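Chemist: I'd like to ask some things about the structure below.
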Amino acid sequence: MNLVKNRHNHKHRGIVGVEAALIVIAFVIVAAVLSVVILNMGFSTAQKAKTVISSISGSTTSNLAVEGKVIASAYLPPGGTPLLNVTSIPIKIAGGGDSVNLDPSITAVKYLSNQITYDDIYNGTLNAKAKPTYTSLESATNAAATYDVSTGGKLFSLSPFQGGTDADADDWPAETTAFIYWTVQSNTNNHLENGEHANLVVVFAAQDRPQYLDKIRVEIILADGSSLTVERVVPLFSNEVVDLG
């Protein structure tokens with residue numbers, strides 16, 4: 001009787017062992033499936049992250065950079081407050097970047113100071129086929145006030161270098177305007193390319209001219225790529241050429 005009972009117990013323990021093994025195998029299979037799913041999700045996330053990073057890198061390679069010092073031309077009225085007439089910002093393509101299209105249809109220049117904010121003062125590039133580059137701020141500004149080769153019109157109304165000697169608004173540009181001219185250019189299009197050098201010029205209307213301690217901010221807003229922001233505080237000055245740093 002005891003022998004029969006013992007055999008029955010051994011048989012029962014064997015069945016339980018098989019069930020336990022099946023449960024363990026099931027857990028292993030589920031764990032393997034979950035591992036495959038998690039790995040696939042990880043690969044997918046990594047691929048998406050790579051795509052986003054590549055996209056960001058592609059857009060930021062078109063950035064502009066300031067090349068050298070920002071300068072200005074000043075008006076020094078006898079016994080009055082000195083004022084800035086024109087500001088020039090030298091720009092180039094940042095190292096390793098792509099060319100930038102500076103056509104006014106897709107590029108904007110925002111200007112801010114202590115008193116005013118203009119969302120877009122950009123009128124275009126001074127890009128004459130006969131003379132694509134200029135050697136001085138004065139010659140470029142005078143040319144921009146005279147003609148625009150693309151339309152036959154002026155980029156702005158009057159050059160401060162050709163204006164009067166007093167503070168009469170009629171002797172100054174009617175509106176604050178920005179334009180770009182090249183000092184080194186490999187062709188005659190509106191693209192700033194590697195190896196080329198250009199200047200962003202802001203010509204101030206009489207009522208907008210900055211003075212000592214004014215903060216001025218210029219933003220070149222591009223269609224593709226990060227914008228370039230240049231901010232300066234006007235120092236105390238007594239010369240017609242002002243170094244803004």
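The values are calculated or read from the model by the stated rules, or taken from the named source; none is laboratory data. Quick caveat, the model's predicted, so the values are computed rather than measured. Neighbour counts run over all protein chains shown; Cβ positions are idealised from the backbone, glycine included.
Chemist: Please work out which residue is nearest to the chain's Cα centre (by Cα), limiting yourself to region 77-103 and to residues that are part of a loop (DSSP other than H, G, I, E, B) and over 17 Å from Asn63 (Cα atoms).
Modeler: First, pick out the residues of region 77-103 that are part of a loop (DSSP other than H, G, I, E, B): 77-82, 94-99, 102-103.
Filter again for over 17 Å from Asn63 (Cα atoms), leaving 77-82.
On the way: Pro77: 36, Pro78: 40, Gly79: 41, Gly80: 37, Thr81: 34, Pro82: 32 Å.
Applying the filter and picking the extreme gives Pro82.
Chemist: Does Ala174 satisfy the condition of being without any contact (Cβ under 8 Å) to a residue 40 or more places away in the chain, surrounded by fewer than 18 Cβ atoms within 10 Å (Cβ to Cβ) and of a type in the set (A, V, I, L, M)?
Modeler: yes
Chemist: Hey, another quick one. Are any residues in region 104-126 part of a loop (DSSP other than H, G, I, E, B), in contact with a strand residue (DSSP E or B) (Cβ under 8 Å, 6 or more places away or on another chain), under 16 Å from Leu64 (Cβ atoms) and in contact (Cβ under 8 Å) with a residue 24 or more places away in the chain, and if so, which ones?
Modeler: Thr107
Chemist: Given the structure, is Val203 touching an Asp or Glu at 6+ places or on another chain (Cβ under 7 Å) and closer than 11 Å to Leu84 by Cα?
Modeler: no
Chemist: Check whether at least one residue in region 192-202 is modelled with pLDDT under 95, within 29 Å of Asn101 (Cα to Cα), surrounded by 19 or more Cβ atoms within 10 Å (Cβ to Cβ) and out of contact with any Phe, Trp or Tyr (no Cβ under 7 Å at 6 or more places or on another chain), and report yes or no.
Modeler: The answer is yes, given that some residue of region 192-202 is modelled with pLDDT under 95, within 29 Å of Asn101 (Cα to Cα), surrounded by 19 or more Cβ atoms within 10 Å (Cβ to Cβ) and out of contact with any Phe, Trp or Tyr (no Cβ under 7 Å at 6 or more places or on another chain).
Chemist: For region 65-76: of the residues being assigned to a strand (DSSP E or B) and among the small types (Gly, Ala, Ser), which is farthest from Glu138 (Cα to Cα)?
Modeler: So the first thing to find is which residues in region 65-76 are assigned to a strand (DSSP E or B), and the list is 65-66, 71-75.
Among the residues that remain, those that are also among the small types (Gly, Ala, Ser) are: 65, 72-74.
Values: Ala65: 23, Ala72: 11, Ser73: 9, Ala74: 12 Å.
Taking the candidates together, the pick is Ala65.
Chemist: Being more than 24 Å from Ala223 (Cβ to Cβ) and at pLDDT 60 or above narrows it down to one residue among Asn123, Asn127, Asn142; which is it?
Modeler: Only one candidate passes the filter, namely Asn142.
Chemist: Looking at Ser186, Ser159, which one is farther than 23 Å from Asp243 by Cβ and either in the same structural domain as Ser113 (by TED's automatic domain parsing) or modelled with pLDDT under 85 (or both)?
Modeler: Result: Ser186 is the single residue among Ser186, Ser159 that is farther than 23 Å from Asp243 by Cβ and either in the same structural domain as Ser113 (by TED's automatic domain parsing) or modelled with pLDDT under 85 (or both).
Chemist: Looking at this structure, is Asn63 closer than 21 Å to Val202 by Cβ and modelled with pLDDT under 90? Explain how you work it out, then say what you get.
Modeler: Working: closer than 21 Å to Val202 by Cβ: yes; modelled with pLDDT under 90: yes.
When the stated conditions are applied, Asn63 passes them.
Chemist: Continuing with the same structure: Going through region 196-217 one residue at a time, which ones are touching a residue at least 40 places away in the same chain (Cβ under 8 Å), in a loop (DSSP other than H, G, I, E, B) and over 12 Å from Phe179 (Cα atoms)?
Modeler: The answer is Glu196, Arg209, Pro210, Gln211, Tyr212, Asp214.
Chemist: Looking at the structure I just gave you, is Trp172 in contact with a Gly (Cβ under 6 Å, 6 or more places away or on another chain), at pLDDT below 95 and either assigned by TED's automatic domain parsing to the domain that holds Thr81 or acidic (Asp, Glu) (or both)?
Modeler: So Trp172 fits the description; yes.
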